[in-house]
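S.K.: The following block contains the structure, expressed as structure tokens.
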């Protein structure tokens, strides 16, 4: 029951563990969210910037390349008007140097093929279709066709782009000149460009035709498809779901560079790692919290519980409690020390109080014993003197004997408990003396069961009661008084009754007499008798007074059946 | 009570250092993990040893196979695989192929991407390889084995039908057809011929005059064709089903100067056959997608190694009919001419 309640209560260490965990969890989670957002933003921004930088670089390189094409065209235009021989010579060396130029062709205004120079390729006898010819480009500057297959030569079909321009021929006539270029150089370069982990870039023309893509053949084979989206976009960077498109148009021709990179892989990778790190951190913190909690409970909660338990035990059984030091932190040790000192002190005080009480009773008793003597002695001696005067020597002797017995028993020092026999002797001696003194105003009778005689009784128990019966009951009577003393053995007590037929007492007097200290004239008070019985034998024993006015008083004394030698054990 | 207490104390005395040790270990591991993660670069899971995929094909010389190889290499690079490419010198040599299969298994190939010279004769070698735990992907030409994980090829029967459709497009009133096919044991050639024959059956204009099987070389098919034409001069349509026989037929026509009179429906493309298409010796080319076969074959091998789901156990790659009229159309250019 008690344990259950303890379990239901939350322990300090659990509170500690939870508090730390929850605190760290919230902080960590909010930090995590915050960081992820920051991270995401910065990564997106970085990815954009990286993409833009990469694309700008590609643009520069490709622009150089196309610039080179323009230069070549420029060169051709300078030589196209020269004499046949010089012109052929030029083209021969030009085509030798520029291995990427497949052919240079010229057309008249109707689009008829006039001349074709190539580096030793065999021109088809019958041209089915000439893909190198373009309708005259309207635009000024460099015009580059979309990629096509070279169709002019036998058994040679490379993919080329055609650069065309209008020039003046030998006789100043208008010519359209086309230069077919294999763009393998630039293709190699574009293949190498990487943006992020899987990003790449490709070249398209302003109409959206693919010029070169690192996976050109995959696209041509229908295995891959490039999203059509960038075709319609103007220059700039665009974030579409997790793809970043960066588009730049070349300044000197109709090509555009499209950079494609993936934010997703960058961010999710990193964020995943962050999350993983945070989870591990959280785990560590949890361990720490648990560790701290355990430590805390070890250092504080457990000794505190021990202390509480010790206090509870002390509360229940203060006298026999033995305190064992509780180990713990400084505070706990101090608390434990203080409690230990307190326990010792309280136990000392309790012992002291009891000792003091016993001593008090003893001294009180001794004092009272000493106190009754002079009065009583004086009266008795007076009586004896008077007897002697009258020559009632026998009676005087008896009186003196009784007095001697009375005192011997009273004085028996050190023996607080005496056999009932002696107590009865004491009572008889007293009654004898008083009977002389009161000149047979009263009669008395003893009725004692033999078996009761060996039992112990606190000394001077009957005498004060008899004294009370004489002084307060019979003394004031006109008729002859009578005192009955009966001793009976009951089941587990000895019952002594002193009955008189005196004036009796009211209820209040009865109650008062048990609480009033002895006065000057009376000897040991009834209260004293009662108190002593209780001290020696326990609360269950003592006096019971019943009285009725003008009828008499009955005092019952109950003591346990204790024989000599038994007392200490009970 | 007292005993109980001491018992608990003793077990606690044992548990505390143990638990402490465990916690410290956790701590160290956690911190190490974090520092390792913070230091680590963005690179993925770190490269483990590369997986090995062997590509064993019928031939290594034709433009068709070169295109297959370039597709296979593209996929090999993309998926970071070690790729070996082997094939016999001639397209009838199934023995060499079987040896190559066995060697690939010995060398620890995880997947063999295979194109069979002989539908029956290669079966046992493939089964043996599969029994060693090697996975099999077939491209182009099938093999008689139940251990094949995936087949990636032209729908050969349908390609044959397409060839037949090209023949039927001819305005001639009477079509007297001669067939020049390659090795009888090669599955794809037979499937193409079957598709071709089935599609022509029932057309009253068509009469299949002769069908010959030649070695898969230019010379043999040229000789065979010339002989067939000598025996059956009435033939005005010739169908042939692979790159080498196409060239042989083309050369025979060239030599006999029958370009105008004879319609030739041929298979696959290379610069010579494209030239013949332009000059008239050949009238239609059934062009497959070898690059895709190579690429998809190796991609499929990668998926098998990584236990990724396959799209299907049978993948058909595209086939296009190219005629003189459409050969320079943009889409046809892309099919006909590889980009290098």
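S.K.: What does the structure give for A:274-282 when I average, per residue, the other chain Cβ atoms found within 10 Å of the residue Cβ?
M.R.: Averaged over the peptide's residues, the number is 3.
S.K.: Averaged over A:214-226, how many beta carbons belonging to a partner chain fall within 10 Å of each residue's beta carbon?
M.R.: Averaged over the peptide's residues, the number is 6.
S.K.: Here is a further query. Neighbouring Cβ atoms within 10 Å as the yardstick, rank B:244, A:159 fewest first.
M.R.: The order, fewest Cβ neighbours first, is A:159, B:244.
S.K.: Could you give the angle, 0 to 90 degrees to the nearest 10, between helix A:420-437's Cα long axis and the longest principal axis of the Cα atoms of chain A?
M.R.: 50 degrees
S.K.: Now for a different question. Just B:321, B:249, B:28 to compare: in a GNM of chain B, with alpha carbon springs under 10 Å, which one fluctuates most?
M.R.: B:28
S.K.: Please work out whether segment A:366-513 counts as rounded, prolate or oblate from its C-alpha gyration tensor, where a ≥ b ≥ c are the square roots of the eigenvalues and a/c under 1.5 means rounded, while otherwise a/b larger than b/c means prolate and anything else oblate?
M.R.: Since a/c reaches 1.5 but b/c is at least a/b, the shape of segment A:366-513 is classed as oblate.
S.K.: Based on the alpha-carbon gyration tensor of segment A:47-264, what equivalent-ellipsoid semi-axes (square roots of 5 times the eigenvalues) come out, in whole Å, largest first?
M.R.: Those come to 35, 17, 15 Å.
S.K.: For a footprinting-style exposure proxy, rank B:79, A:444, A:238 by other Cβ within 10 Å, fewest first.
M.R.: Lowest count first: A:238, B:79, A:444.
S.K.: Once you sort the root eigenvalues of the Cα gyration tensor of the protein assembly as shown as a ≥ b ≥ c, which label holds: rounded (a/c under 1.5), prolate (a/b larger than b/c) or oblate (the other case)?
M.R.: Note, shape of the protein assembly as shown comes out prolate.
S.K.: Separate question: Using only DSSP helix segments of four residues or longer, with each worth -39500 (n - 2.57), what per-residue ellipticity at 222 nm results for chain A after dividing by its residue count and rounding to 500?
M.R.: One gets -17000 deg cm²/dmol as the mean residue ellipticity at 222 nm.
S.K.: Could you line up B:182, A:446, A:202 from fewest to most neighbouring Cβ atoms inside 10 Å?
M.R.: So the residues, fewest neighbours to most, are A:446, A:202, B:182.
S.K.: Place the peptides B:231-238, A:326-333 in order of packing, highest mean first, counting for every residue the other Cβ atoms within 10 Å and averaging per peptide.
M.R.: B:231-238, A:326-333
S.K.: Sticking with this structure for a sec: Remind me, relative contact order of chain A in percent, using alpha carbon pairs under 8 angstrom and six or more residues apart?
M.R.: Reported as a whole number, the value is 10 percent.
S.K.: While we're looking at this one, here's another question. Ordered by packing density, taken as the mean number of other Cβ atoms within 10 Å over each peptide's residues, highest first, how do A:166-175, B:99-108 rank?
M.R.: Ranked from most to least packed, the peptides come out as B:99-108, A:166-175.
S.K.: Something else: Could you tell me how many degrees, from 0 to 90 and to the nearest 10, lie between the Cα long axis of helix A:12-79 and the main elongation axis, the longest principal axis, of the Cα atoms of chain A?
M.R.: 10 degrees
S.K.: Please give the calculated 222 nm ellipticity per residue for chain B, where each DSSP H segment of at least 4 residues contributes -39500 (n - 2.57) and the sum is spread over every residue; nearest 500 deg cm²/dmol?
M.R.: About -15500 deg cm²/dmol.
S.K.: So, one more: Using only Cα atoms and rounding to the nearest 10 degrees, what angle (0 to 90) does helix B:243-256 make with the longest principal axis of chain B?
M.R.: For B:243-256 against chain B, the angle is about 20 degrees.
S.K.: Using the per-residue mean of other Cβ atoms lying within 10 Å as a proxy for protection, in what order, highest first, do the peptides A:353-360, A:38-45 fall?
M.R.: A:38-45, A:353-360
S.K.: Looking at the square roots a ≥ b ≥ c of the eigenvalues of the Cα gyration tensor of segment A:435-546, which shape do they give, rounded for a/c under 1.5, prolate if a/b is larger than b/c, or oblate?
M.R.: oblate
S.K.: Per-residue Cβ counts within 10 Å, from other chains only, averaged over A:389-397: what number is that?
M.R.: 0
Every number in this text was worked out from the coordinates using simple rules, so none of it is lab data. Just so you know, these numbers come straight off a predicted model, no measurement behind them. A quick note on method: Cβ atoms are made from the backbone with ideal geometry, for glycine too, and the neighbour counts reach across all protein chains shown.
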